[in-house]
Structures are given as structure tokens and as C-alpha cells.
Amino acid sequence: MKFKKSDILKFRRLIWKYYKEYGRDLPWRRTKNPYAIVVSEIMLQQTQVDRVRGKYEEFLEKFPTFARLGRARAREVLKAWQGLGYNRRALSLWKLAQTVMKEYKGELPHTPAELEALPGIGKATAGSVAAFAFNIPTVFVETNIRRAILHHFFLKKRRVSEEGIWELAAAVLDPKNPREWYWALMDYGSMLGKTVPNPNRRSASYRKQSPFQGSNRELRGRIVRLLLEQSRLAVSSLLALTQKSEARVQEILEALEREGFLRQRKGIIMIAK
């Protein structure tokens with residue numbers, strides 16, 4: 001995919017100009033600590049900035065290092081995570097901390113390939129951590145970056161491939177200061193999200209998220225909250241509390257057990273250790 005160099009440079013100037021005037025002051029931008037950045041990036045997966053802002057500093061106060069988080073019990077980590085949703089991210093972060101302590105002597109690896117091999121880290125998060133923690137000019141795409149690129153380079157196209165979007169992200173990347181470049185690009189994309197019809201609908205990978213209320217995601221979260229409030233809970237009591245069918249609840253319990261959230265023994269469930 002070819003774009004004029006002049007168009008790339010014009011786009012960069014636009015992004016830097018916007019950032020200079022309207023760049024956001026976010027707590028995870030005030031640190032270069034790799035641990036703190038990993039925490040923020042996993043928290044920000046599929047979660048709005050305003051929800052993360054408060055929880056981030058609380059979490060770091062309770063678990064300030066990889067070592068402290070890795071030594072914690074699953075119940076402690078899940079309890080500290082409440083309010084952010086997608087609880088499996090909390091367990092992934094917990095396991096990541098244990099892996100870093102065991103395999104990397106407490107030092108987060110630098111390369112995207114090594115980062116992507118860690119629990120809870122996909123391709124995009126590996127790139128964002130490498131850029132924000134180590135200022136490495138890696139390529140990654142998330143919601144706001146995708147929005148900015150689609151809005152400016154694919155305004156009249158539909159079903160734009162992820163490959164094309166990532167190719168543009170690589171072309172516009174400012175390698176001199178990737179950390180701030182991505183801050184700027186994400187801030188601009190965030191602004192577009194509030195001011196123009198969602199450009200992400202032009203992406204071939206776009207999927208409208210199903211309603212949360214009444215979904216299995218909501219029920220999963222409620223089951224985890226109930227288990228955090230009590231050390232153990234009978235399945236019969238859980239059915240009474242949730243007022244959901246036994247088949248639906250049992251299906252979710254089995255999934256949560258496979259994912260390492262809980263244990264079941266003789267009709268009693270408890271958070272895994």
C-alpha cells in the first residue's frame with residue numbers, strides 16, 4: 001500500500017500539533033517503570049481511561065512490584081481488580097508477574113517477541129509496552145490508533161483490512177520518539193471518538209459489542225464478586241442468589257474453573273489459591 005510521503009508528514013504534523021495543545025495528563029505517562037506500564041496497559045485493554053484512572057494507583061499501592069504481585073493470592077488480586085471488568089486480565093497479570101520473577105529475575109523483557117510470550121500479552125500490548133516502557137519504535141494498533149488512521153487515510157473506503165491499518169501505523173510512526181508519538185496519536189483518536197461517526201466501522205475486523213446487561217460476561221463478573229465476598233459458596237446458594245438456570249450457571253462455573261478462577265468440590269465452589 002503506497003501513500004505519498006507528503007501525506008505522511010502532514011499527518012504527523014497534525015498529530016503533534018494536536019498533542020501539543022490538548023495532550024492528556026495520565027498517571028501512567030508520568031513513569032517509565034516497566035512494571036507500572038504493564039499494569040496500565042493490561043488494565044486499559046477493552047476498558048475506558050476514566051475507569052482505569054482511579055484503579056491504577058490503588059492497585060500499584062497494594063502491589064508496587066512484580067515480586068509483591070507474584071506473591072499475592074488470587075483472591076487478593078481479583079479483589080483489587082473489582083470494578084474494571086474482564087477479571088481474567090487480573091489473573092493473567094498475576095501469572096505474568098510470577099513468570100517475570102521466575103524466568104527473568106524480576107526484569108521485564110524488552111523485545112515485543114519476548115513480551116508477547118508472557119501471560120495476558122498479545123501482539124498489540126507487546127508493542128505498546130515496548131514503546132511506552134522502553135521507547136522502542138515498535139508498531140501496534142489499538143482502538144484510538146485505528147480510529148485516527150481510518151479517519152485520515154481510508155475516509156472513503158469500507159472493510160479496510162487489519163493488514164492495511166498496521167501497514168499505515170508503521171508508515172506514520174515517528175521513530176525519533178515513539179513513546180510520545182503513540183501518546184499523541186491515541187489522544188487524537190480519542191478526540192475523534194467524541195466528535196465524528198465511529199471510523200472503526202470501516203475496519204473489516206469491526207464487530208459491534210453485544211449488550212453487557214444480561215450477558216454471560218455480566219453473570220461471570222457477579223459470580224466472581226459473590227465468591228470474593230465469601231470464602232466458599234454452595235452451588236445451590238449461588239443458584240438462589242443469581243436466579244439463573246442451573247445449566248447456564250454450571251457452564252460458567254466450568255469455564256471459570258478451566259481458566260483458574262475457582263475450584264469446585266462436592267457442590268462447593270471457592271476462589272482458586
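Rule-based calculations on the coordinates, nothing more; no lab input. Since the structure is predicted, the reported quantities are computational estimates derived from the model, not experimental observations. Quick reminder, even Gly has a Cβ in these numbers, built from the backbone with ideal geometry, and neighbours come from all protein chains shown.
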**Complete:** For HIS110, HIS151, ascending order of other Cβ atoms within 10 Å (fewest first) is HIS110, HIS151
**Prompt:** Taking the Cα centre of segment 31-134 as the origin, how large is its charge dipole in debye, to the nearest 20, when only Lys and Arg (+1) and Asp and Glu (-1) carry charge on their Cβ atoms?
**Reply:** 380 debye
**Asked** Using a simple charge model, +1 on the beta-carbon of Lys and Arg, -1 on the beta-carbon of Asp and Glu, nothing else, what dipole does segment 124-273 show about its Cα centre, in debye to the nearest 20?
**Response** 460 debye
**Request:** Please name whichever of GLN243, ALA272, LEU192 sits farthest to the positive end of the charge dipole of segment 190-273, dipole taken about the Cα centre and charges placed at Cβ: Lys and Arg +1, Asp and Glu -1.
**Result:** LEU192
**Prompt:** Taking +1 at the Cβ of each Lys and Arg and -1 at the Cβ of each Asp and Glu, which of PHE59, PRO27, ALA74 sits farthest along the dipole of segment 5-92 towards its positive end, judged by Cα position relative to the Cα centre?
**Reply:** PRO27
**Fill in**
The farthest towards the positive end of the charge dipole of the chain, of the residues THR47, LEU233, SER128, given +1 on Cβ of Lys and Arg and -1 on Cβ of Asp and Glu, is THR47
**Fill in**
If R0 = 25 Å, then LEU226 and GLU58, at their Cβ-Cβ distance, give a FRET efficiency to the nearest 0.05 of 0.70
